[in-house]
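Taking it in order: structure first as structure tokens, then the write-up.
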Amino acid sequence: MKQFFPSLIGNEQLKNQLGNDILSGTLSHAFILSGPAGSGRHTLALSLAMALNCQHKSSGSEPLPCGYCASCKKFLAHQHPDLTVVGKEKDRATLGVDAIRNVRTDTSYPPTEGGYKIYVIEEAETMTAEAQNALLLTLESPPEYVVFLLLSQNPALLLETVRSRAPTLRLELLSDETVSAYLVSHSSSAKKMRDTQPEVFSRLLHASAGNLGAALSLLESKSRAAADKRNELGILFLNALRGKKALSSINLIKSLSPLKRPDLAQAFNLFNEILRDLYLCKQSGFSEFLFFETEAEVQAVADCISSQKLAGAIDATTEALDQIGSNMNVSLLLHVWAVGCGIL
Ligand SMILES: [Zn+2]
């Protein structure tokens, strides 16, 4: 069976219906694409535009759209001349009649490259009544090569006359399993979160409530917060290692003490990455660094730490990582480690 709209996750029934309508040439000339932000309206709009003009449309084996023909590539790069996106200006509350009149004029010219011209109207409910009435004139008898896609989070705000001429396609909420499978296969930080912090990952899925866009943006902010925290801990460790401030070792132990064993193991792995960077910098002066951003940065720190101290810290951290799975008391483990690193 031909695969339709592979970029849109879930929504199988909708995808099959639209794909078959495109192949049989019975696709409606206007649709309202409805759903909350992040539900896939833009993905579906772009996929429809690509599918209508895809050069492999009639190939039995290729998905529709194929995603790699010259036409699909132009759509993906937002450079296809037969795709027009209209929306209200940022500082305006509404989309006025002039923009829609321009669209109407434009529809009288046949497509430049593809078989179809696609007009996407963003936040369609912001069209003034006058603009909607102007659009209606085209919706009543559109040229055969024209397809309108009206994106809206709240189609009930559109005029009844517009709604009656443009069937509403509702993007469905996805199951937690579908969102999870997508995140894990497309993002290494999602996979890491699922494996190391399963409760955090499951809370993220729950908070996204089947909305893939919401899940992706939550993941990004959580990953950023985790990266900030990791960076902070790394700097704390470096300050302690360099003996910069008397309090830095105490602060480091204070922030490590409450950690559970898996989180402590992550912290030691981070310290190992930092120590590896410093060691390689001392040995060869250059490497692909894991923690430091630039060679100058790692060099500046490496210059302050003796090779002997570095070797001791590497041994102590490797030993601590080995011990973490044992029954050894955590505060004793931390103490032994800190002494071995020469920071206590
Ligand atoms: Zn294609």
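The values are calculated or read from the model by the stated rules, or taken from the named source; none is laboratory data. What you see is a predicted model; the values in this text were computed from it and never measured. We place every Cβ from the backbone using ideal geometry, glycine too, and count neighbours over all the protein chains shown. Surface accessibility is based on the protein's heavy atoms, side chains included, excluding ligands, DNA and RNA. Shrake-Rupley method; radii C 1.70, N 1.55, O 1.52, S 1.80 Å.
List of remarks:
- Cβ pairs under 6 Å, 6+ apart, first in the stretch 29-56 and farther than 14 Å from K74 by Cβ and open to solvent by 20 Å² or more (accessible area, probe 1.4 Å), second among the hydroxyl-bearing types (S, T, Y) and within 16 Å of the ligand (Cβ to nearest atom): T43/S7
- For the stretch 320-331, a residue qualifies if it is more than 17 Å from F271 (Cα to Cα) and open to solvent by 90 Å² or more (accessible area, probe 1.4 Å), and exactly one does: N327.
- Failed item, numbered, when S34 is tested on (1) within 16 Å of the ligand (Cβ to nearest atom); (2) in contact with a strand residue (DSSP E or B) (Cβ under 6 Å, 6 or more places away or on another chain): (1)
- Once the stretch 43-78 is narrowed to residues that are within 22 Å of the chain's Cα centre (by Cα), of a type in the set (S, T, Y) and more than 8 Å from the ligand (Cβ to nearest atom), the residue that is farthest from Y116 (Cα to Cα) is T43.
- Residue list for the stretch 140-174, restricted to those being open to solvent by 50 Å² or more (accessible area, probe 1.4 Å) and under 16 Å from L212 (Cα atoms): Q153, R170, E172, L173
- So S217, is it in the same structural domain as G87 (by TED's automatic domain parsing), touching a residue at least 40 places away in the same chain (Cβ under 8 Å) and polar (S, T, N, Q): no
- Within the stretch 87-118, the set of residues being assigned to a strand (DSSP E or B) and either surrounded by fewer than 18 Cβ atoms within 10 Å (Cβ to Cβ) or within 16 Å of the ligand (Cβ to nearest atom) (or both) comprises I118 only.
- Tally of residues being assigned to a loop (DSSP other than H, G, I, E, B) and either open to solvent by 60 Å² or more (accessible area, probe 1.4 Å) or more than 14 Å from I343 (Cα to Cα) (or both) across the stretch 284-305: 13
- Total residues in the stretch 310-319 satisfying the condition of being open to solvent by 60 Å² or more (accessible area, probe 1.4 Å) and closer than 18 Å to D277 by Cβ: the figure is 2.
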